[in-house]
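What follows is one structure encoded as structure tokens, with my remarks underneath.
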Protein chains: 2
Amino acid sequence: MQHHLDKIDTKILSLLQQNSNRTTKSIATELGMTTTPVFERIKKLEKQGYIKKYVALLNNKKIGLKQTVFIGITLQGHTRSYLEKFVTQINNFPEVIECHRVSGNFDYLLKLVVEDIEAYETFIITKLTLLPYLGNVQSLITLSTGKETNEIDLSRV
Amino acid sequence: MQHHLDKIDTKILSLLQQNSNRTTKSIATELGMTTTPVFERIKKLEKQGYIKKYVALLNNKKIGLKQTVFIGITLQGHTRSYLEKFVTQINNFPEVIECHRVSGNFDYLLKLVVEDIEAYETFIITKLTLLPYLGNVQSLITLSTGKETNEIDLSRV
DNA sequence: TATAAATAAGAATGTTATTCTTAATATGGT
DNA sequence: ACCATATTAAGAATAACATTCTTATTTATA
């Protein structure tokens, strides 16, 4: 069940990754085509699930959420049912935007977006540390971000 | 320079975060307004930079990029000019979608999206370890992802 | 209270998305 | 190589939407 994307498809995907508000016509012009085939390709890419969704990306800092933090977590008890409960609770915290189960020196890696360091400490104290079976908790406070994108390089596929 | 977003603005932002392809009319209806004021608010939010961009989010796995990996890195020499060079080179790797300078047990945290573990090893060997002054390099291989979003909870702002 | 500045409504217009029909191109089997 | 079939693209036609304009309403301010 491998994908079957030709050059035109990957080009369309890569353009929509950069800016999903471009008109079909402008994409078509760039590709030397008319709107209909481009339109139908986009619809196909949506229907087949290559495109998950279209979203607006906000300026977190401007909105007042200035601090990104990563947290590595190890758990002490690893029963399957507890892991599931743990993830469910983590996912419900609005501060958490990513939660990955990982192998390596941690069991979980979280990514958070919060107002500031203080809000982060509040999160740790009033939410995270209330969860049972927490082992090691290691915080990585973001000082600056060189790159942060969802854009995938499609020259590889 | 604080933001001045009222309830309507934050509601619009939160809807556009979930789906940026919704029509102005449908948003207006949901908010009990007409299209014009909603349209003008959206344009203002764009112009003032609250909305950074509109993008299509792709299904990485379906496209063949199945593996997410985080890498914690410490550097041995910390001259300012070297750090800048380091970040520039990291940012140019197509596998890297995030690069954060952090405080804590690492200097940098990277997020990568690659085909598979093998592609990851190739990256390490042929790209990352060629960079000078690398200290500790610790990989966190994602086993599963419970949550991964860009959507920010605006009830806090 | 009077005036100015925002904000919203409703109608009008221009663009674009979307559909339909037809033509061209590619694909597979004999 | 040839035909039938399935994809893919083009162009025109339509419907929906974005965008602008004018006018009314509300809100803030001196």
- Run the numbers on chain A and let me know its relative contact order in percent, using alpha-carbon pairs under 8 Å that are six or more apart. 27 percent
- Estimated FRET transfer efficiency when R0 is 51 angstrom, pair B:TYR82-B:MET33 (beta carbons, to 0.05): 0.40
- Message: Interface size between chain B and chain A, please: total buried accessible area, 1.4 Å probe, rounded to the nearest 100 Å².
- Response: 6400 Å²
- Message: Out of the total accessible area of region B:60-141 (probe 1.4 Å, heavy atoms of protein only), what percent is carbon and sulfur?
- Response: 52 percent
- Message: Students often get this wrong, so check it: of A:LYS25/B:LYS62; A:LYS85/A:LYS127; A:LYS66/B:LYS111, which have C-alpha atoms separated by over 23 Å?
- Response: A:LYS25/B:LYS62
- Query: At a 1.4 Å probe, which residues in region A:4-33 are at least 40 Å² less accessible with all protein chains present than in their chain isolated?
  - Reply: A:GLN17, A:ASN21
- In nm, the gap between the two label points placed 7 Å beyond Cα toward Cβ at A:THR145 and B:LYS127 is 2.0 nm
- Task: Keeping all protein chains in position, work out how much accessible area B:ILE152 exposes to a 1.4 Å probe, and write it in Å² to the nearest 10.
- Result: 10 Å²
- Tensor-based shape of region B:7-47 (alpha-carbon gyration tensor, a/c under 1.5 rounded, otherwise prolate or oblate): rounded
- Other-copy label distances relative to A:GLU118, 7 angstrom Cα-Cβ extension, nm: 5.3
- Item | Label spacing, shortest first and in nm, from A:THR149 to its equivalents in the remaining copies (7 angstrom along Cα→Cβ) | 2.5
- Would you be so kind as to identify which of B:THR122, B:PHE93, B:THR79 lies farthest towards the positive end of the dipole of region B:60-141, taking Lys and Arg as +1 and Asp and Glu as -1 on Cβ and the Cα centre as origin? B:THR79
- Task: Find the relative contact order for region B:8-78 and round it to a whole percent, using C-alpha pairs within less than 8 Å whose residues are 6+ positions apart.
- Result: 23 percent
- Placing a label point 7 Å from Cα toward Cβ, how far apart in nm is A:GLU46 from its equivalents in the other copies, listed shortest first to one decimal? 1.8
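Hey, can you find the accessible area per residue of the protein assembly as shown for me, probe 1.4 Å, expressed in square angstrom? The partial results should precede the final answer.
Numbers: 15780 Å² over 314 residues.
Value returned for the protein assembly as shown: 50 Å² of accessible area per residue.
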- Message: Buried by at least 30 Å² relative to the chain on its own: which residues of region B:68-105 qualify, computing accessible area with a 1.4 Å probe on protein heavy atoms?
- Response: B:PHE70, B:ASN91, B:PRO94, B:ILE97, B:GLU98, B:CYS99, B:HIS100, B:ARG101, B:VAL102, B:SER103, B:ASN105
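The values are calculated or read from the model by the stated rules, or taken from the named source; none is laboratory data. All of these numbers come straight from a predicted model, not from anything done at the bench. Cβ sites come from the backbone with ideal geometry, for glycine too, and all protein chains shown count toward neighbours. When the accessible area is computed, the model is the full protein with side chains, heavy atoms only, and any ligands, DNA or RNA have been set aside. Shrake-Rupley method; radii C 1.70, N 1.55, O 1.52, S 1.80 Å.
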